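A.B. asks: What follows is a structure written as structure tokens; I'll ask about it next.
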Amino acid sequence: MNGVTGMLDLLLASPLSPEQQDCAKTVQASAEALLVVINDILEFSSIESGKLELGTEPFELAPVVNEVCALLGVQARRKGLQLHSHLDPSLPRMLLGDASRLRQILSNLVGNAIKFTDSGEVAVRVALERGTSHTATLRVTVRDTGIGIDSDHCVELFNSFVQGDNSAARKYGGSGLGLAISKQLVEMMKGRIGFESEAGLGSTFWFTATFQKYGARVATDSRTAAGEPRPPIAVAASISPADVCVLLAEDNQVNQRIALRMLGKSGFRVDVVSDGRQAADAVKSGKYDVVLMDVHMPGMDGFAATAEIRGRERDGARLPIIAMTARAMAGDREECLAAGMDDYLTKPIQMEELCRTILRWAGSSHNGPKRTPSP
């Protein structure tokens with residue numbers, strides 16, 4: 001899939017006739033839909049096998065909700081919908097738990113609401129259902145003015161591979177796993193999930209989730225309009241792709257070609273090596289600002305190469321290393337970060353995300369301690 005979507009990105013960035021553009025965009029949309037299905041099946045399989053574990057990290061609640069609304073607000077605006085969010089002032093500002101899984105559940109519900117709503121609005125509300133001195137149970141509701149759900153299909157809606165009805169599956173697409181995955185995650189968070197709906201009159205989906213409290217309670221109120229842009233990632237003002245030298249460590253030739261062309265089109269200077277041993281040796285020159293490190297490579301893999309590079313660094317110097325891997329299951333990101341990598345990109349790689357991530361880390365590299373290459 002990295003080869004398919006990567007080459008499509010590059011193809012669409014090249015001169016094409018209107019007919020060719022239309023064909024390429026159709027193929028791209030189909031590839032993205034297939035990728036969603038693949039990811040959902042992998043996620044569901046991981047949950048069913050009991051291999052998925054929730055993380056426990058401190059996080060701010062408001063940014064999680066705002067990020068979901070900002071990202072999905074683009075889709076809402078394209079359909080002429082209003083997307084609003086509101087967080088009750090009684091909510092704790094900081095919680096302890098798995099923010100990424102909370103974001104995933106909310107994204108599933110808001111994404112579905114937008115998908116099945118042709119006019120009107122989608123409203124997200126987060127309230128405190130109950131709290132103790134140590135825990136907070138949230139109640140999250142997502143209300144839409146969409147097509148609603150016929151009562152005949154309500155009972156089985158949270159089962160796997162089920163959508164509201166067969167015609168919805170044909171018209172709107174999807175794997176039918178989003179709600180099943182959300183239900184499993186909610187239950188892992190000691191919560192419940194449900195909905196109220198009537199055909200033609202919209203739906204209100206809700207779920208509860210319990211988190212540990214972290215820090216003091218601070219009043220929080222948020223309202224996000226559809227399409228409102230997220231704040232840009234902060235990078236050094238003087239950093240441009242032409243200022244950045246990237247080392248790409250990747251053994252797959254197709255993935256090499258895609259990454260090299262993406263990086264070249266974006267203006268980066270780039271060298272490529274095919275295994276971890278070559279990567280660990282190449283960075284001794286001190287010329288690189290960022291390393292894109294594949295995890296699985298013959299001989300020395302990305303983890304071992306990262307460990308060797310980190311072992312040679314002195315005096316606070318740190319070369320940014322970004323994992324670039326097809327591993328996208330629960331815990332993979334944490335494993336890469338624990339191994340000494342600074343960030344994590346999953347394949348298929350998107351050109352815009354790749355460029356933005358490199359610039360962010362190159363900016364910190366240029367502004368941070370001077371790297372001292374080992375002899």
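A.B. asks: Being in contact with a Phe, Trp or Tyr (Cβ under 6 Å, 6 or more places away or on another chain) and either at pLDDT below 90 or surrounded by 18 or more Cβ atoms within 10 Å (Cβ to Cβ) (or both): is that true of Leu247 here?
C.D. replies: yes
Matching residues to (1) under 19 Å from Val244 (Cβ atoms); (2) of a type in the set (A, V, I, L, M); (3) surrounded by fewer than 17 Cβ atoms within 10 Å (Cβ to Cβ); (4) in contact with an Asp or Glu (Cβ under 8 Å, 6 or more places away or on another chain):
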site	(1), (2), (3), (4)
Gln256	yes, no, no, yes
Leu263	yes, yes, no, no
Val270	yes, yes, no, no
Ser274	no, no, no, yes
Arg277	no, no, no, no
Ala280	no, yes, no, yes
Val295	no, yes, no, yes
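A.B. asks: While we're here: Looking at the range 287-301, I want the residues that are free of Cβ contacts under 8 Å to residues at least 24 places away in the same chain and have a partner that is in a strand (DSSP E or B) with Cβ atoms under 7 Å, at least 6 apart or on another chain. Which pairs are those?
C.D. replies: From residues that are free of Cβ contacts under 8 Å to residues at least 24 places away in the same chain, there are no pairs.
A.B. asks: Now for a separate question. May I ask you to list the residues in the range 58-81 that are surrounded by fewer than 16 Cβ atoms within 10 Å (Cβ to Cβ) and of a type outside the set (D, E, K, R)?
C.D. replies: Matches in the range 58-81: Pro58, Pro63, Leu71, Val74, Gly80.
A.B. asks: Take Ser274 and tell me if it is of a type in the set (Ser, Thr, Tyr), over 25 Å from the mean Cα position of the chain (by Cα), at pLDDT 85 or above and closer than 24 Å to Met7 by Cα.
C.D. replies: yes
A.B. asks: Anything in the range 185-228 that is surrounded by 21 or more Cβ atoms within 10 Å (Cβ to Cβ), at pLDDT 90 or above and under 23 Å from Gly73 (Cα atoms)? List them, or say none.
C.D. replies: Ser203, Phe205, Phe207
A.B. asks: If we keep just the residues of the range 328-359 that are part of a helix (DSSP H, G or I) and touching a strand residue (DSSP E or B) at 6+ places or on another chain (Cβ under 8 Å), which is surrounded by the fewest Cβ atoms within 10 Å (Cβ to Cβ)?
C.D. replies: Among residues in the range 328-359 that are part of a helix (DSSP H, G or I) and touching a strand residue (DSSP E or B) at 6+ places or on another chain (Cβ under 8 Å), the one surrounded by the fewest Cβ atoms within 10 Å (Cβ to Cβ) is Glu353.
A.B. asks: Related question: Check Ser107, Ser175, Ser133 and return the single one that is surrounded by fewer than 17 Cβ atoms within 10 Å (Cβ to Cβ) and either part of a strand (DSSP E or B) or at pLDDT below 90 (or both).
C.D. replies: Of Ser107, Ser175, Ser133, the one residue that is surrounded by fewer than 17 Cβ atoms within 10 Å (Cβ to Cβ) and either part of a strand (DSSP E or B) or at pLDDT below 90 (or both) is Ser133.
A.B. asks: Is there a residue in the range 311-327 that is surrounded by fewer than 16 Cβ atoms within 10 Å (Cβ to Cβ) and free of Cβ contacts under 8 Å to residues at least 24 places away in the same chain?
C.D. replies: yes
A.B. asks: Among the residues of the range 68-75, is any within 22 Å of Tyr214 (Cβ to Cβ), of a type outside the set (D, E, K, R) and at pLDDT 90 or above?
C.D. replies: Within the range 68-75, none of the residues are within 22 Å of Tyr214 (Cβ to Cβ), of a type outside the set (D, E, K, R) and at pLDDT 90 or above.
The values are calculated or read from the model by the stated rules, or taken from the named source; none is laboratory data. Owing to the predicted nature of the structure, the values given are computational and were not obtained by experimental measurement. Cβ coordinates were reconstructed from backbone atoms using ideal geometry, including for glycine residues, and neighbour counts include every protein chain displayed.
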